[in-house]
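Worksheet for the structure shown next.
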Amino acid sequence: MIKITFPDGKVREYESGVSGFDIANSLSNSLAREVVAVSLNKEIIDATRPILTDGSIKLHKWDDDEGKLAFWHSSAHLMAEALESFYPGIKLGIGPTIENGFYYDVDLPEGATISENDFGKIEQKMLEIAREKHPFVRKEVSKQEALDVYTKKGDEYKIELLSELEDGTITFYTQNNFTDLCRGPHLPDTSFIKAIKLLNIAGAYWRGNEKNKQLTRIYGVSFPKQKLLDDYLILLEEAKKRDHRKIGKELELFYFSPKVGMGLPLWLPKGAQLRERLEAFLKKVQVEHGYLPVMCPHIGHKNLYVTSGHYEKYGKDSFQPIKTPVEGEEFMLKPMNCPHHCEIYNSKPRSYKDLPVRYAEFGTVYRYEQHGELHGLTRVRGFTQDDAHIFCRPDQLKDEFKKVIDIVLYIFKTLDFKDFTTQVSLRDPNDKVKYIGSDENWARAEREIQEAAAEKGLKTVVELGEAAFYGPKLDFMVKDALGRKWQLGTIQVDYNLPERFELEYKGSDNEMHRPVMIHRAPFGSMERFVAVLIEHTAGKFPLWLTPEQAVIIPVSEKYNDYAKKVLNLLNNYDIRSLIDERNEKVGRKIRDNELKRIPYLIVVGEKEAENNTLSVRKQGEGDLGEYKIEDFATRVQTEVKNLLA
RNA sequence: GCCGAUGUAGCUCAGUUGGUCAGAGCAGCUGAUUUGUAAUCAGCAGGUCGGGGGUUCGAAUCCCUCCAUCGGCUCCA
């Protein structure tokens, strides 16, 4: 007998060899039907796998992440089987579970192609196999045995994967006529999979390396109920409606002209106003935190970036240098602001008493992003960073870093970004040549970043190998409407640029010392931030930020004069308003201005003109009734104040 | 850059196998209506069907190529 401990602490005894499924069955029949995987001592295993020793167990249904893992992993195998039936000789790469579904990377037979038109028949085949209720059978094999199978099949991808596995840990899973190298876990059988949708098709390099062959990646998602799939597809449709590219067009915020160039956004008046308000907001916060404004031209001498190390690292990925016509000197479109700010630091001798100095600039930079990578406002070739560089003494670093975290958190709170994640990016300890700077400096910076984040209560994920080449960083990420992750704010420690630019200050000991630098951009880039803000709010911006706060709607042309009077008064109260003077019915004007996401609609007609009042309608709330003009102004001003508190 | 898809009026989209196929709605303009909380009515005007080349008696439709966009991959100071 073995002892099984449940999550609630209860312990029960079972015969050795009992499976998670059997245990579930012993508790309740309905539970047993829903268990798709099991955690045994934190290791996820098949629900049907015999358990031979004591352990703590957790039974996973579809609702658990662990359950989805098994579910989608099995779905990937199912898809592979269907693909094999349509494309004999197909070679399989990897087929993992992802956040929302699964994919499989395959190498199609010579001359074969696959397109979205083929999805229907593949889905049908998968459902057909699923309905036949084939069990997923686990089999432990020797490395040689596995190698023999794939050598015979001629699948060099699986052979490569096998070569990295240790003998004795290799398992195959079989369902129906299909066997795959796989660690598991898998569903008890294929019948759990009730609804399947293949989503898209993409090229993907084998093992993510562009030097390798490009395989065909097929993305899909599957569910235990048709209803769940329907709901998911509706969710995707809703997400598309929030796409910043669509809303940006509808609200006339920005525009891309092929004549200007791809990836070069043009800010239309309303978008520019929105952006100016965001900048003004951050500038105010920065002044309060002791930042000083600086400004730099849009080009800089190539040697500046050679000195900084960026040219060697990214020169090939930049726009090419431009030459002066007479001297032939080379200048580059500014790809980052930091070297410029370093030179501003160098403009005069510094004392330890001067530090920290904090230079801030909304600096527009230009980078050659690859053609296929451009994406709305989130990935462009010219963008404006809300950049600042803090030069401080090493003993001030951690405190300064924490102050920057405060700014980022304040901004996120004010703009109602509740759902963000933070990531600490450290050096890859096995590939130190990728980075510049001494081991001691790296160790110190990495330690202080993590301490600062912890002291600010951030739950961070640590990623090795994701650091900038000059230092470790703390990034803030949010998801867009379609669930894609984007980096917004970033805070980076840099011991290296101060060395390269020979930055110094005189210490209290009358010796020269090297300052430490913090790069930081709470928004990241104005373009990306506005994009994420659009999707976050679906275009319904906070009242203080929105380009037009109120539209006055005269009931007929007879009341245009009164509307003008109201407009003047509202303008005096600094409420951004305009009149919808079109010769349309009230209902029509309401509708059009609601679609333009105007927060307040002010209806004025005979009654209001007589009483010197307004009828107020709020976006999302409907008619609020009659207001005295000054009462409405107070309401708006209070609302703005509360939002910015 | 790579894989796959898409590109018809300012916007959203029709256009069957190549043969009155250059269309609709919205937006725009003109006029009528003078309107009370999510679409008043009528008329007019809008496009070298992404650009270029080819096949054909004939191309929005088939082929090639370039450009842009979309979904991914790689990259991201």
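The values are calculated or read from the model by the stated rules, or taken from the named source; none is laboratory data. Values in this document were obtained by computation on a predicted structure and should not be read as measured data. Here the Cβ is made from the backbone with ideal geometry for all residues, glycine too, and neighbour counts use every protein chain on show.
Within the stretch A:356-382, the set of residues being outside any loop (DSSP other than H, G, I, E, B) and of a type in the set (Asp, Glu) comprises A:GLU361, A:GLU373. Checked against the criterion of being in contact with a Pro (Cβ under 6 Å, 6 or more places away or on another chain), among the aliphatic types (A, V, I, L, M) and on the phi < 0 side of the Ramachandran plot, the candidates A:VAL604, A:VAL616 yield just one match: A:VAL604. Figure legend. Inter-residue proximity from the stretch A:193-222: first residues over 17 Å from A:SER74 (Cα atoms), second residues within 7 Å of RNA strand B (Cβ to nearest atom) and in a loop (DSSP other than H, G, I, E, B), beta-carbon distance below 9 Å, spacing 6+ or different chains. Indicated pairs: A:ILE201/A:SER115; A:THR216/A:THR113. Across the stretch A:385-414, the number of residues qualifying as surrounded by fewer than 20 Cβ atoms within 10 Å (Cβ to Cβ) and not in a helix (DSSP H, G or I) comes to 1.
Identify, please: which residue in the stretch A:508-535 is surrounded by fewer than 21 Cβ atoms within 10 Å (Cβ to Cβ) and in contact with an Asp or Glu (Cβ under 9 Å, 6 or more places away or on another chain) and is, among those, farthest from A:LYS479 (Cα to Cα)? Among those residues, the one meeting the criterion is A:MET512.
Using the structure shown, decide if A:LYS139 is of a type in the set (Lys, Arg), out of contact with any helix residue (DSSP H, G or I) (no Cβ under 8 Å at 6 or more places or on another chain) and under 26 Å from A:LYS68 (Cβ atoms). Against the criterion (of a type in the set (Lys, Arg), out of contact with any helix residue (DSSP H, G or I) (no Cβ under 8 Å at 6 or more places or on another chain) and under 26 Å from A:LYS68 (Cβ atoms)), A:LYS139 qualifies. Elements of the type helices (runs of 4 or more DSSP H) sitting completely within the stretch A:296-355 and holding at least 1 residues that are more than 16 Å from RNA strand B (Cβ to nearest atom) and more than 31 Å from the chain's Cα centre (by Cα): these cover A:338-345.
Considering only residues in the stretch A:488-525 that are in a strand (DSSP E or B) and without any contact (Cβ under 8 Å) to a residue 40 or more places away in the chain, the one that is farthest from RNA strand B (Cβ to nearest atom) turns out to be A:MET512. Screening A:LYS259 with (1) modelled with pLDDT under 90; (2) near RNA strand B (Cβ under 9 Å from one of its atoms) gives one miss only, at (2).
Quick grid of which residues meet (1) of a type in the set (A, V, I, L, M, F, W, C); (2) assigned by TED's automatic domain parsing to the domain that holds A:TYR345:
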position	(1), (2)
A:HIS244	no, no
A:GLY248	no, no
A:LEU266	yes, yes
A:ALA272	yes, yes
A:ARG277	no, yes
A:ALA280	yes, yes
A:LYS283	no, yes
A:GLY290	no, yes
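Restricting attention to the stretch A:369-381, the residues that are under 19 Å from A:LYS316 (Cβ atoms) and either under 14 Å from the mean Cα position of the chain (by Cα) or near RNA strand B (Cβ under 6 Å from one of its atoms) (or both) total 6. The single condition among (1) more than 12 Å from RNA strand B (Cβ to nearest atom); (2) out of contact with any Lys or Arg (no Cβ under 8 Å at 6 or more places or on another chain); (3) among the hydrophobic types (A, V, I, L, M, F, W, C) that A:ILE598 does not satisfy is (1).
Here's a check for you: in the stretch A:281-295, which residue that is within 20 Å of A:GLU527 (Cα to Cα) and exposed (fewer than 15 other Cβ atoms within 10 Å of the Cβ) is nearest to RNA strand B (Cβ to nearest atom)? Selected residue: A:MET295.
Restricting attention to the stretch A:216-230, the residues being more than 9 Å from RNA strand B (Cβ to nearest atom), surrounded by 12 or more Cβ atoms within 10 Å (Cβ to Cβ) and among the charged types (D, E, K, R) number 1. Within the stretch A:531-552, the set of residues being closer than 10 Å to A:LEU274 by Cβ and over 16 Å from the mean Cα position of the chain (by Cα) comprises A:PHE541, A:LEU545, A:THR546, A:PRO547.
Can you give me the number of residues within the stretch A:443-464 that are in contact (Cβ under 8 Å) with a residue 40 or more places away in the chain, surrounded by fewer than 18 Cβ atoms within 10 Å (Cβ to Cβ) and within 16 Å of RNA strand B (Cβ to nearest atom)? Looking only at that region, the number is 2.
From the list A:TYR366, A:TYR352, the one residue that fits, being over 22 Å from A:PRO498 (Cα atoms) and in contact with a His (Cβ under 8 Å, 6 or more places away or on another chain), is A:TYR366.
Identify, by number, the condition in (1) of a type in the set (Val, Ile, Thr); (2) in contact (Cβ under 8 Å) with a residue 60 or more places away in the chain; (3) touching a helix residue (DSSP H, G or I) at 6+ places or on another chain (Cβ under 7 Å) that A:VAL636 doesn't meet. Of (1) of a type in the set (Val, Ile, Thr); (2) in contact (Cβ under 8 Å) with a residue 60 or more places away in the chain; (3) touching a helix residue (DSSP H, G or I) at 6+ places or on another chain (Cβ under 7 Å), only one is false for A:VAL636: (3). For the stretch A:246-280, name all the residues that are assigned to a helix (DSSP H, G or I) and either surrounded by fewer than 17 Cβ atoms within 10 Å (Cβ to Cβ) or more than 23 Å from the chain's Cα centre (by Cα) (or both). Passing the criteria: A:LYS246, A:LYS249, A:GLU250, A:PRO269, A:LYS270, A:ALA272, A:GLN273, A:GLU276, A:ARG277, A:GLU279, A:ALA280.
Residue-by-condition table, conditions (1) of a type in the set (Lys, Arg); (2) more than 12 Å from RNA strand B (Cβ to nearest atom):
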{"residue": "A:ALA531", "(1), (2)": "no, no"}
{"residue": "A:PRO542", "(1), (2)": "no, yes"}
{"residue": "A:THR546", "(1), (2)": "no, yes"}
{"residue": "A:ILE552", "(1), (2)": "no, no"}
{"residue": "A:LEU570", "(1), (2)": "no, yes"}
{"residue": "A:SER577", "(1), (2)": "no, yes"}
{"residue": "A:ARG582", "(1), (2)": "yes, no"}
{"residue": "A:VAL603", "(1), (2)": "no, no"}
{"residue": "A:ALA609", "(1), (2)": "no, no"}
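For (1) modelled with pLDDT of 90 or more; (2) touching an Asp or Glu at 6+ places or on another chain (Cβ under 9 Å), each residue gets a yes or a no:
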residue	(1), (2)
A:ASP428	no, yes
A:GLN450	yes, no
A:PHE469	no, no
A:ARG500	yes, no
A:LEU503	yes, no
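A:ILE234 meets each of the listed conditions (1) touching a His at 6+ places or on another chain (Cβ under 8 Å); (2) away from RNA strand B (no atom under 16 Å from the Cβ) apart from (1). In the stretch A:465-483, the qualifying residues are those that are surrounded by fewer than 18 Cβ atoms within 10 Å (Cβ to Cβ) and in contact (Cβ under 8 Å) with a residue 60 or more places away in the chain, and the one that is nearest to A:LYS313 (Cα to Cα) is A:PHE469. Residues that are more than 6 Å from RNA strand B (Cβ to nearest atom) and within 36 Å of the chain's Cα centre (by Cα) within the stretch A:584-595 comprise A:ASP592, A:ASN593, listed in sequence order.
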